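Notes for the one structure printed next.
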Amino acid sequence: MRSTNGIVTAVLLFSLRGTTQQPGQASPPAALESSQATDSSSAAALKARQETETTEPAPVQPSPLPQAAPTTMDQVVDRLIERERHLMKMLADRTPIVETYLQNVTSDAQLGPVPKDDRYFLGRMDFRESIDRKDYMKQPSMEKRLLGGFTKFFSVQYQPLGFSWMIFADRDDFDREHYDFRYQQREFLGEVRCLVFDVIPKKNAGKGRFLGRIWVEDKDFNIVRLNGTYAPRPRNAYFFHMDSWRLNLVPGYWVPAYIYSEEGDFSAGAKNRIAFKAQSRLWAYNVNSGKEDELTQVLVDSTVKDESPAAQDASPVEAERRWQQQAADNVLERLQRAGLAAPQGDVDKILQTVANNLQITNNIELSPPIRTRMLLTTPLETFSIGNTIVISRGLIDVLPDEASLAIMLAHELAHIVLGHNEYNQYAFNDRMLFSDEATYSNLGFKHTAAEEAAADTKAIELLKNSPYAQKLDSAGLFLKSLQTWAPHLPALLTAHLGNNISDKGTVTRMSALINSAPTLEINKLDQIAALPLGGRVKMNAWDDRVELIKSQPIALTSARDKKPFEVTPFFPRLSRIESRNTSSTVGQR
Ligand SMILES: [Zn+2]
């Protein structure tokens with residue numbers, strides 16, 4: 001029998017925001033069980049390979065030739081205008097994914113602005129087209145349905161130039177003829193020193209011009225942040241306020257990655273025609289898209305090499321497992337190529353550690369061993385295929401602690417153990433030949449209600465034997481908090497590949513834990529039942545790699561600070577790609 005010595009804690013990297021860590025939980029991860037050894041060494045090899053790749057980012061147009069440093073602010077303005085044009089050119093043939101998650105907000109006497117309902121949009125941006133998005137969710141009236149009562153405002157704002165307006169200050173006329181640039185000050189954003197300009201459209205420059213502030217880094221003079229709106233507005237259109245951030249992911253270029261939008265007056269008693277908060281993310285700039293002929297490119301390091309000296313033809317049971325594994329590999333590779341799944345990486349090691357803790361204490365030995373992968377999208381969902389558990393970025397973001405992560409993984413582990421994952425059809429490669437936009441209609445991993453219930457029962461059995469048995473209260477609290485907000489978050493709770501966690505506003509996943517959970521106490525500041533969105537996972541918009549954010553816990557001062565499941569503004573710590581690469585070769589990790 002295996003001992004529990006192999007249990008390692010992932011809590012170091014997955015700690016509870018806003019509270020102090022328990023002593024004894026801060027030990028570094030111990031060596032993994034031997035059954036995981038092959039896996040971890042291949043992960044190490046992958047990491048090594050990724051690090052070499054990091055130092056040599058994927059080919060783009062050569063970075064700008066060194067130019068003499070500008071000596072006047074006028075020269076700086078010329079340079080930043082030129083750099084903006086270079087960026088548009090560099091991105092011209094890119095088709096990143098754009099995701100917008102929007103919460104309509106209402107005012108709660110105790111909690112301030114809280115979500116009333118929500119909308120979700122996922123598309124691919126094509127910088128060449130004037131109508132710049134293709135829907136991942138192909139349904140004729142989907143946009144209407146998604147945008148609900150917002151259709152009018154939102155669609156006007158999205159089309160025809162739409163979203164790209166919020167990515168660039170002005171796609172067509174960002175120049176001195178149309179704008180005044182007024183230098184304000186120097187300011188650091190993260191590690192990067194910036195020159196700050198107010199940008200004001202000239203009289204008669206036309207409608208829908210950028211009005212606001214830009215931050216320009218002081219080395220190559222690229223815009224790294226834009227904050228403002230568009231003005232004046234046409235009679236029948238509406239422009240939102242936005243705060244748009246770019247990251248230095250390619251030498252010489254700062255790539256648009258995050259946009260926060262907000263409208264409405266959130267002060268008490270204010271009457272709003274519209275009030276919302278929205279997060280938009282762009283990613284998959286450098287991931288193959290819509291090119292089905294490029295199947296030769298190996299992106300997934302998932303194939304386990306058969307190294308046993310006695311390797312022979314597979315026995316029937318073994319062949320069945322390999323077949324399932326092939327289906328899983330196909331699906332994960334396809335999702336990664338569509339820009340919907342992150343490449344295998346360090347975060348997976350943390351998730352696998354938690355899954356491993358569940359297996360060891362339940363004497364479960366699976367072949368091939370459990371792997372995990374992350375979907376890059378916001379809606380809260382999990383699914384599993386073969387022995388691979390997939391969990392969405394949005395779900396990882398809002399989970400308050402390791403025990404809550406464990407219940408989500410336990411549910412999928414239960415499906416695996418119970419043999420529910422019969423997706424062998426995906427082992428045929430022709431079934432992977434579809435356009436990226438059609439991913440959600442070609443892939444699906446939904447179980448029947450009976451299988452869902454069986455998986456929940458089995459998962460609770462697994463959890464009771466596990467190191468998380470004493471911590472299920474906090475996991476139950478998470479579900480309780482989710483139950484509180486579920487009626488207001490239908491879009492966040494609509495799974496696109498797996499089963500929904502809730503049904504018509506009622507949480508169904510692992511719901512037995514809700515009954516045994518302690519009372520949800522909004523005013524108890526050290527009771528963090530769920531986190532806001534976006535606080536845990538950091539995505540590299542260029543190559544889709546993910547890492548966990550190491551932010552310092554901040555003391556909460558009121559119940560309003562908790563913001564479970566809520567959209568909040570972005571404040572990424574900006575740094576230059578060179579400085580990041582230097583620090584990683586020094587061996588910080
Ligand atoms: Zn399930």
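The values are calculated or read from the model by the stated rules, or taken from the named source; none is laboratory data. Since this is a predicted model, take the numbers as computed values, not measurements. Every residue, glycine among them, receives a Cβ derived from its backbone with ideal geometry; neighbour counts consider all protein chains shown.
Some observations on this one:
- Residues that are at pLDDT 95 or above and more than 24 Å from R119 (Cβ to Cβ), drawn from segment 391-402: none
- If you check L477, L513, L489, L472 for being within 16 Å of the ligand (Cβ to nearest atom), surrounded by 20 or more Cβ atoms within 10 Å (Cβ to Cβ) and not small (G, A, S), only one passes: L513.
- If only residues of segment 492-510 that are touching a residue at least 40 places away in the same chain (Cβ under 8 Å) and over 23 Å from L122 (Cβ atoms) are counted, the one that is surrounded by the most Cβ atoms within 10 Å (Cβ to Cβ) is M510.
- Checked against the criteria, T457 counts as over 21 Å from E365 (Cβ atoms), within 16 Å of the ligand (Cβ to nearest atom), not hydrophobic (A, V, I, L, M, F, W, C) and not in a loop (DSSP other than H, G, I, E, B).
- The residue that is farthest from the chain's Cα centre (by Cα), counting only those in segment 468-524 that are part of a strand (DSSP E or B) and among the polar types (S, T, N, Q), is T506.
- Of the residues in segment 415-431, at least one is among the hydrophobic types (A, V, I, L, M, F, W, C), assigned to a helix (DSSP H, G or I) and within 16 Å of the ligand (Cβ to nearest atom).
- L405 being more than 12 Å from the ligand (Cβ to nearest atom), part of a helix (DSSP H, G or I), modelled with pLDDT of 95 or more and not basic (K, R): yes
- A count restricted to segment 374-402 and to residues that are more than 16 Å from the ligand (Cβ to nearest atom) and either part of a strand (DSSP E or B) or not hydroxyl-bearing (S, T, Y) (or both) stands at 11.
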